[in-house]
Amino acid sequence: MVKQSIFGRISTLVRANINSLLDSAEDPQKMIDQLVRDYTNSIADAEAAIAETIGNLRLLERDHEEDIQAAKDWGNKALAASRKADELRSTGNTADADKFDSLAKIALQRQISEERDAKTAEPTIAAQTEIVDKLKSGLNGMKEKLGELKAKRSELLARAKVAEAQTKVQDAVSSINVLDPTSELGRFEDKVRRQEAIAQGKVELAASSLDAQFESLDDLGELTEVEARLAELKAGGTPQGQLGS
């Protein structure tokens, strides 16, 4: 019964459509890991059951060979007894001749029995041989499926890593989108522009202050001339304008 369940499992797993199972799975990675465990365990069980079946087959084959050899041996004994009976009968020893003929008959009966046993075992051996061949083929199919599962697992892992890398790259690209004013680069650019504006304001302020200083110098020159003309008036003279000179 246990063997039948294992053999049935072999047939089921070999016929399984891996791609269909993965397509219907919510988590293909977990599904593959579970399938790998199932196939690995089933292969171990199948190998043990097949080894036992092969062992039983070899016992049947050995018994069959022994039956054939025993039938041959009894045939040889029957022939030897028959020849001895003929030899004794030719010398007139009928009593001993009949005894050896009886032995020849007994040997022939044993030969027939061994041949019957050998013939009876042949269909069983043939059927067991066919079963073993099918089981070996099924086991090889399971091993191929296991290899396919492991390859699928590697493929899924590789695809997952590529997808993860693509996501990271896309996130990085999105974070430095120069057209997006909320991005890090956009905020940094805005900060630089404000710093440049402040620097420009300081330059303009400094220039304005310098102009004011020069204007104060002009005013100072004008006041100096006024003082000079006032002094000249107080001295009794007539101030001389620059335009009249």
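Rounded to whole Å and ordered largest first, report the semi-axes of the equivalent ellipsoid of the stretch 76-128 derived from its Cα gyration tensor (root of 5λ).
Largest first, the stretch 76-128 gives 35, 8, 4 Å.
If you take the square roots of the eigenvalues of the alpha-carbon gyration tensor of the stretch 81-178 and sort them as a ≥ b ≥ c, do you get rounded (a/c under 1.5), prolate (a/b over b/c) or oblate?
Judged from the Cα gyration tensor, the stretch 81-178 comes out prolate (a/c at least 1.5, a/b above b/c).
At 0.36 nm per residue, minus the direct Cα-Cα distance, what do A48 and I68 gain on full extension? Give it in nm, one decimal, please.
4.2 nm
Using the Cα gyration tensor of the stretch 30-136, with a ≥ b ≥ c the square roots of its eigenvalues, what is the shape: rounded (a/c below 1.5), prolate (a/b larger than b/c) or oblate (neither)?
Prolate is the answer for the stretch 30-136, as a/c is 1.5 or above and a/b outweighs b/c.
No lab work stands behind these numbers, since they all come straight from the coordinates. Note that this is a predicted model, so its numbers are computed, not measured.
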